[in-house]
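For reference, the structure discussed in these notes is given below.
The values are calculated or read from the model by the stated rules, or taken from the named source; none is laboratory data. As the structure is a prediction and not an experimental result, all values here were calculated from the model. As a convention, Cβ positions derive from the backbone with ideal geometry for all residues, glycine included, and neighbour counts pool all protein chains shown. These area figures cover heavy atoms from the full protein model, side chains too; ligands, DNA and RNA do not enter into them. Shrake-Rupley method; radii C 1.70, N 1.55, O 1.52, S 1.80 Å.
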Amino acid sequence: MSGDRFALVARLRAALSRCRRILAVLLPALLVSPPALAYPAHYFVVNEATDGTLSVVSHQLVEISGSPDLAYEPPQPGRLERNLDASVHEKSTGRKMFAIPAGSSPWLRGEFHDGSRIDGQSIAAANMQYVLRFPLGAGHYLRLRSAGEAAREPTSGPVTRSAQSGAAARPAAQALEIDLDAHSSPARVAAPPPQLPAGYASGSVLANGDPSNRLDLLIVAEGYTADQQSQFVLDATNLVNKFLSISPYRDFKHLTNAVWLFVPSSQSGASKPNCAETPTQPVVSVATAFSVQFCSLGLRRLVTVDTAKVLTAAAAVPDWDKVIVLVNDSEYGGSGGSVGVVTTHAQSMQIQQHEFGHSFTQLADEYTSAYPGYPPCSDLPATSARCEANVTDQSSRALIKWTRWLAAQTPVPSDAQLAGDPLGAGLWLGARFQSAGMYRQCYNGIMRTLGGPFCRVDSEAFVKRLYGGGWGVPAQGVSLIEPGAIPASTSVDAAPQSTLQFQANIAGSLAAGGLKVSWLVDGAPAQMESSVHGAHQAFTYVLPDTSMHTVELQVSDTTPFLLDMPLRSRRWTVNPGSLAAGWNLLGNGGSTTLDVAAAYGDAAKVNTVWKWIASASRWAFYAPSLTPQALADYAAGKAYDVLSTIKGGEAYWINAKVAFSAPAPAGTPITSASFRSMATGWNLIAIGDNKLPRAFNNALSATTPAADEIPANVTTLWAWDAALRNWYFYAPSLDLAGTLGNYTASKSYLDFGTKVLEPATGFWANKP
């Protein structure tokens with residue numbers, strides 16, 4: 001890099017540093033903070049016993065990524081997941097504030113390799129644990145109500161019938177109310193976010209985006225001692241890579257985060273008690289963090305942990321959606337349920353790929369091993385207990401719910417694997433523990449045989465679940481529009497003829513067709529294009545008149561896993577008005593002097609007005625709520641001047657209580673060239689000749705610059721957008737280097753693009 005280039009970069013860095021100082025010191029009240037990236041929240045682990053009794057296992061205060069989603073609607077009860085009736089209420093009135101997602105598995109599943117079929121056991125859970133995560137708030141209480149007998153399915157099976165008979169005796173429901181103020185003292189709320197407990201550690205295997213818009217897997221260590229952390233990280237990395245190696249998991253790996261949590265155990269491995277299935281195997285007893293053991297309920301390969309302890313520990317990294325416990329033992333085994341459990345055996349991962357089909361995608365088993373008493377289902381129209389997405393009791397082509405996936409030549413019912421398409425949809429007899437009367441969509445997929453593939457209907461169900469929600473955060477599923485769209489508010493105040501910029505990053509599948517992006521104004525298409533995952537989208541809109549308008553972003557995904565493209569949208573309402581409530585940076589680009597008290601003397605509309613006096617390096621200040629004497633006294637005490645006029649070419653800040661229209665600049669337009677002699681340093685100015693920032697900078701030269709020349713007449717230029725609550729940024733040196741757009745995007749500033757410096761636009765210009 002040449003010496004001139006080094007000097008240019010140095011000057012730019014110094015200017016940006018001065019800019020940060022002036023914005024932080026001189027305008028502390030004017031800057032609007034960026035949207036919060038996390039919010040403080042309660043993290044409860046609640047146990048529901050066999051008799052329906054509810055009790056709090058643990059409580060912690062945590063930080064959750066994103067913004068609270070209080071629009072959650074509890075789903076209908078299902079066979080694969082129970083939902084605790086949980087809601088937050090106002091203590092003074094009892095009014096319900098919002099419902100809380102709280103799901104748990106009513107089953108402990110052990111499904112293992114057995115030649116060409118799965119040796120499966122679905123055992124009714126004796127206890128269910130729920131995790132509740134929701135924002136803090138004073139004066140509230142938490143109301144919990146167990147599902148009760150009415151919502152429970154009949155249970156029976158080959159294991160522990162005594163426990164199941166106890167489950168059948170559960171009463172109708174139990175309730176519990178918790179004073180949340182007692183769990184969130186001011187001292188605890190004001191404390192910094194909790195650190196990991198001693199001995200814990202965490203890190204990422206996959207970091208693909210904001211946890212508030214991703215499927216987040218948490219891999220928890222079990223049976224690893226303190227000096228085995230590096231081995232656990234390696235094992236966790238291998239686990240995630242293997243787990244996501246099959247379609248459709250691998251096809252949406254980029255929408256998945258995976259985090260590991262190391263919790264040290266006193267001893268290595270897992271306990272292996274005396275087991276009737278393997279009487280010759282040695283008995284092993286070890287002390288581990290979560291009491292892992294083989295031979296649970298008499299099944300050697302059924303490996304379980306203390307779920308309540310795991311969920312409590314998981315609060316250390318609370319942005320998880322699904323938890324998998326990785327056991328430091330190479331013997332084959334695992335289990336599924338509220339958390340997945342897997343050993344380091346090479347084939348154990350196939351258990352979890354299958355179990356995730358249950359716990360996340362809500363798929364039914366497709367094998368036919370008899371399991372008397374398993375809750376029935378039917379896809380008959382009048383039936384409330386509808387079958388899972390991948391099985392049905394309907395054999396008429398028109399009534400099969402996946403009929404659109406059926407090729408015209410595929411016989412129904414189907415009798416053999418489809419030639420040339422092993423993943424193709426058909427209707428094969430035998431599924432859901434029944435050899436007759438129940439049909440599956442796949443000839444021999446992973447829900448029938450461990451190590452098999454997910455077939456068409458399975459994969460569709462996964463993607464629908466991923467985008468549809470109901471499994472964690474976000475409650476509505478992964479959105480095609482990432483968090484942080486600009487403007488942050490869906491209601492935007494703007495002046496007629498003003499230019500607004502709408503921006504968002506988008507996410508979706510990596511399908512060949514990409515993502516389809518449409519911008520609509522008042523419901524009519526205004527800009528359409530094809531795009532890809534991770535792209536930045538922007539739309540410039542000029543408010544044409546004094547009427548209210550809408551701007552909407554629609555994003556759809558061409559993924560081949562779905563027959564209908566998923567669609568997400570975000571709509572903004574644009575309200576006319578030259579001032580927005582809050583801070584506005586305005587300009588007087590005309591020659592007529594503005595009387596501040598006459599223009600902004602209404603205390604019902606205006607808090608304060610400020611003008612920067614560059615020659616004196618201080619502020620002039622006006623507040624309509626103060627008398628002239630009080631205003632003079634206050635200004636003198638703060639070393640301000642009293643602000644009385646805004647001359648032509650000057651700009652000013654106004655803090656508005658409500659949106660209203662400000663006086664438009666009048667008189668002869670102030671030209672850009674009139675600022676050639678402006679003071680060195682920061683100047684708060686306005687022009688009346690509607691220049692782009694580059695043209696304004698060039699106009700400060702005594703002679704017209706060459707076509708390929710961009711002189712450094714200003715170091716940086718900044719304009720505040722009240723509607724977007726963000727800064728427009730321009731730097732001639734970056735413009736000349738061709739890196740202005742990249743720098744602006746990297747700092748999340750707004751790009752001027754075709755936006756001119758209008759007469760009513762105030763802006764900062766830093767003259768070197």
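Can you give me the span-like helices of the chain, meaning DSSP H runs with 30 Å or more of Cα extent along the axis and Kyte-Doolittle mean at or above -1.0? Answer set is 3-25.
So how strong a dipole does the chain carry about its Cα centre when Lys and Arg Cβ are +1 and Asp and Glu Cβ are -1, to the nearest 20 debye?
Values: 56 positive and 59 negative charges, 193 e Å.
Dipole of the chain, to the nearest 20 debye: 920 debye.
Phi angles across region 596-607 convert, under the Karplus curve 6.51 cos²θ - 1.76 cosθ + 1.60 with θ = phi - 60°, into 3J(HN,Hα) values of 5, 5, 5, 7, 10, x, 8, 5, 6, 10, 10, 8 Hz, Gly and Pro given as x. Of the residues ALA370, ALA182, PHE232, the one whose Cα sits farthest toward the positive end of the charge dipole of the chain, with +1 on the Cβ of Lys and Arg and -1 on the Cβ of Asp and Glu, is ALA182.
In a fully extended conformation the segment linking ALA630 and GLU177 would gain 157.8 nm over its present Cα-Cα distance, using 0.36 nm per residue. A straight line joining the Cα centroids of region 642-689 and region 699-768 runs 17 Å. Rolling a 1.4 Å probe over the protein heavy atoms of the chain, with every protein chain left in place, gives an accessible area that is 53 percent carbon and sulfur. Take 462-473, 379-390 and order them by the average number of nearby Cβ atoms within 10 Å per residue, most first; the result is 462-473, 379-390. Residues whose amide H comes within less than 5 Å of that of ILE506, counting only those at least five positions distant or on another chain, are GLU482, GLY534, ALA535, GLN537 (H built at 1.01 Å from N in the peptide plane).
Scoring 246-254, 442-450 by mean Cβ neighbours within 10 Å over their residues and listing the highest first yields 442-450, 246-254.
Compute, for region 508-648, the length of the dipole vector about the Cα centre, with Cβ point charges of +1 (Lys, Arg) and -1 (Asp, Glu) only. Units Debye, rounded to 20. Please list the in-between numbers first.
Numbers: 9 positive and 10 negative charges, 70 e Å.
The calculated dipole for region 508-648 is roughly 340 debye.
Pairs over the 18 Å Cα-Cα cut-off, from the set LYS611/LYS638; LYS611/LYS647; LYS242/LYS322; LYS747/LYS767: LYS747/LYS767.
Near the amide H of ASN726, within less than 5 Å, lie the amide hydrogens of ASP721, all on another chain or at least 5 residues away, with H placed in the peptide plane. Here the 3J(HN,Hα) profile of region 485-491, calculated from phi with Karplus coefficients 6.51, -1.76 and 1.60 at θ = phi - 60°, is 4, 10, x, 5, 7, 7, 10 Hz, Gly and Pro shown as x. Taking one quarter of the surface of the convex hull spanned by the alpha-carbon atoms of region 274-394 gives a direction-averaged projected area of 10.0 nm².
Two decimals is fine: what's Rg over Rh for region 338-415, C-alpha atoms, Kirkwood radius as Rh?
Working: Rg = 15.8 Å, Rh = 15.1 Å.
Here the Rg-to-Rh quotient is 1.05.
Taking Lys and Arg as +1 and Asp and Glu as -1, the other residues whose beta-carbon sits under 12 Å from that of ASP751 total 0. Remark on region 251-331: Rg and Dmax equal 15.0, 46 Å (Cα only).
Compute log10 of I(q)/I(0) for region 531-582 with the Debye formula, placing one identical point scatterer on every Cα and leaving out solvent, at q = 0.30 Å⁻¹, to two decimals. The Debye formula, applied to the Cα set alone, gives -1.25.
Of the peptides 339-349, 634-644, 275-285, 708-718, how do they stack up when ordered by the mean number of other Cβ atoms within 10 Å, highest first? Write down the numbers at each step before the final one.
Working: 339-349: 22.5, 634-644: 14.4, 275-285: 11.0, 708-718: 17.7.
Those peptides, ordered most packed to least, come out 339-349, 708-718, 634-644, 275-285.
Extents of the chain, largest first, come to 95, 62, 58 Å (Cα atoms, principal axes, whole angstrom). Using all pairs of distinct alpha-carbon atoms, the Kirkwood hydrodynamic radius of region 73-125 works out to 14.0 angstrom.
Reported to two decimal places, what Rg/Rh ratio describes region 428-542 when computed on Cα atoms with Rh from the Kirkwood expression?
1.18
Over the Cα atoms of region 466-605, the radius of gyration divided by the Kirkwood radius equals 1.11; this is the Rg/Rh ratio.
The share of alpha-carbon pairs in region 652-733 lying farther apart than 21 Å comes to 38%. Potential lengthening of the chain between VAL658 and ARG571 amounts to 29.1 nm, from the contour at 0.36 nm per residue minus the alpha-carbon distance.
So if I place +1 on the C-beta of Lys and Arg and -1 on the C-beta of Asp and Glu, and nothing else carries charge, what would the dipole magnitude of region 617-761 be about its Cα centre? I want it in debye, nearest 20.
Values: 10 positive and 10 negative charges, 57 e Å.
The dipole magnitude comes to about 280 debye.
Once the chain from ALA737 to GLN347 is taken as fully extended at 0.36 nm per residue, the excess over their C-alpha distance is 134.9 nm. Taking the centroid of alpha carbons for each part, region 386-450 and region 222-269 are 34 Å apart. Convex hull volume per residue, computed on the Cα atoms of region 645-699, equals 120 Å³.
Would you mind classifying region 576-702 by shape? Square roots of the alpha carbon gyration tensor eigenvalues, ordered a ≥ b ≥ c; an a/c under 1.5 is rounded, otherwise it is prolate if a/b is larger than b/c and oblate if not. Mind dumping the intermediate values first?
Values: a/c = 2.27, a/b = 1.46, b/c = 1.56.
Cα axes put region 576-702 in the oblate bin.
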